[in-house]
Amino acid sequence: MKPNDADDLQSIVRRVRQGDRDAFGRIVACFENRLMSLATMIVRDPAAAEEIVQDTFVRAYVHFDRYDDQRALYPWLATIAVRLSQNWSVRKQRLRIDDNAEPERHAIGSNLEQELSLDQAKTRLWSAVEALPKGERLAVLLCYRQEMSVAEAARALDVTNGTVKTWLFRARRKLREELAHPEVSDLSQVEESI
Amino acid sequence: MTCDEVREQILFVPVTEHGPQTRSVIEVHTAACERCRALWDEELSLLEGLQELPETRTRSDTASIVLARVTAIDEYRADQARRARSAESNAFWRPWTASAGLAVMLVTYLQIVIDGQAGVEFLSPIVGFGQLLGMFSVPTAIAFVVALLVYVVSLFGSASNESGHLD
């Protein structure tokens, strides 16, 4: 069901342009989980992420004429997903302000650990990524997890390549520190729980 | 490459952005330099750790939901295209049918006036419906009603062709 290489994907894209919905189904099957990971890490709400992934594909289908064949398909889809996720986050933030409620912290972390039974090191890394500021977290996700280039990530986030590089530099430094000295954050978590 | 250059590459350029040539230069250098190798190993293990984190999976019916929505969009687009074509053809015929309707109404009206059935009084705006019917011969009345219908339909027939918004 999944496209094996770039040529295969190109022929699928051509078929979608000719109105072949089944071909679009193959694109969905190919990228849905990757987009789900991205959206989940941004909005930290699996139900909302699911909705965002669906909306991303629908929007991509509606505006498929805007996709440039010369570029890779996934970064284009990821750009749509990032924008939708950011819009969702802004709406959610606004609702929180209206409700005067406490912000949720690391909503996804504990669920994910349970679902995927991550080992301790991975859990620590996951938590460290989650704790990064938004821009840094997105840069890490897009460049390392989603294997997008700095230029593609910059386009998706609507910032310059330099900004993405700066975010990556800071994020890597924090992650390295976090992984090298986990005790500090563990201690702060214990204190928090007390 | 000097240690500073290698460290700059490792610290400021993401591993995923290193070309094969840069990577091999770094590897050659770090094989001989312990300090740089520690930094390089740290960077690689970080990348590996991030890439090893499992993906969150979508629900099993995501693809079918997306395809159902996409099908609905295609149907909506086809409907919009049909409406657009129909509006286009209406736009061509409407002035002609309206003009024809008006012309027939004018002719029948003039016929009534010239026949002298209505006389000058008919030109007065207050004419009872029964009186008006009495002034018409049956064919003239039919022609008048048909012309009126054609005129009304041609004016308002395309009112339902308003387009909506997709997405």
task: With respect to B:R57, determine if the residue is within 22 Å of A:L125 (Cα to Cα) and either modelled with pLDDT under 80 or polar (S, T, N, Q) (or both).
output: yes
field: Subset of the range A:27-44 (residues that are out of contact with any Ser or Thr (no Cβ under 8 Å at 6 or more places or on another chain), within 9 Å of chain B (Cβ to nearest Cβ) and free of Cβ contacts under 8 Å to residues at least 60 places away in the same chain)
entry: A:A29
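So, A:E130, is that one in a helix (DSSP H, G or I), more than 9 Å from chain B (Cβ to nearest Cβ) and surrounded by fewer than 22 Cβ atoms within 10 Å (Cβ to Cβ) or not?
Values: in a helix (DSSP H, G or I): yes; more than 9 Å from chain B (Cβ to nearest Cβ): yes; surrounded by fewer than 22 Cβ atoms within 10 Å (Cβ to Cβ): yes.
Against the criterion (in a helix (DSSP H, G or I), more than 9 Å from chain B (Cβ to nearest Cβ) and surrounded by fewer than 22 Cβ atoms within 10 Å (Cβ to Cβ)), A:E130 qualifies.
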- line: Of the candidates B:L46, B:L11, B:L67, B:L50, the one satisfying the condition of being out of contact with any Ser or Thr (no Cβ under 7 Å at 6 or more places or on another chain) and in contact (Cβ under 8 Å) with a residue 12 or more places away in the chain is B:L11
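Looking only at helices (runs of 4 or more DSSP H) that fall completely inside the range B:1-70, which ones have 2 or more residues that are within 11 Å of chain A (Cβ to nearest Cβ)?
Values: elements: B:3-12, B:20-32, B:34-52.
Ranges flagged: B:3-12, B:34-52.
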message: Under 7 Å between Cβ atoms, which residue pairs at least 6 apart in sequence (or on different chains) link something in the range A:143-163 that is touching a residue at least 12 places away in the same chain (Cβ under 8 Å) with a partner that is assigned to a helix (DSSP H, G or I) and of a type in the set (S, T, Y)?
response: A:C143/B:T16; A:R145/A:S37; A:R155/A:T79; A:A156/A:T79
query: Which ones in the range A:141-158 are hydroxyl-bearing (S, T, Y) and touching a Cys at 6+ places or on another chain (Cβ under 6 Å)?
result: none
query: Can you name every residue in the range A:135-162 that is polar (S, T, N, Q), outside any helix (DSSP H, G or I) and within 11 Å of another protein chain (Cβ to nearest Cβ)?
result: A:Q146, A:S149
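Consider the range A:45-90. How many of its residues are aliphatic (A, V, I, L, M), more than 10 Å from chain B (Cβ to nearest Cβ) and in a helix (DSSP H, G or I)?
Count: 10.
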field: Filtered residue count, the range A:147-166, keeping only those that are under 19 Å from A:V43 (Cα atoms) and either buried (at least 22 other Cβ atoms within 10 Å of the Cβ) or touching a His at 6+ places or on another chain (Cβ under 8 Å) (or both)
entry: 2
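The values are calculated or read from the model by the stated rules, or taken from the named source; none is laboratory data. Bear in mind the structure is a predicted one, so any value in this text is a computation, not a measurement. Here Cβ is always computed from backbone atoms with ideal geometry, including for glycine, and neighbour counts include all displayed protein chains.
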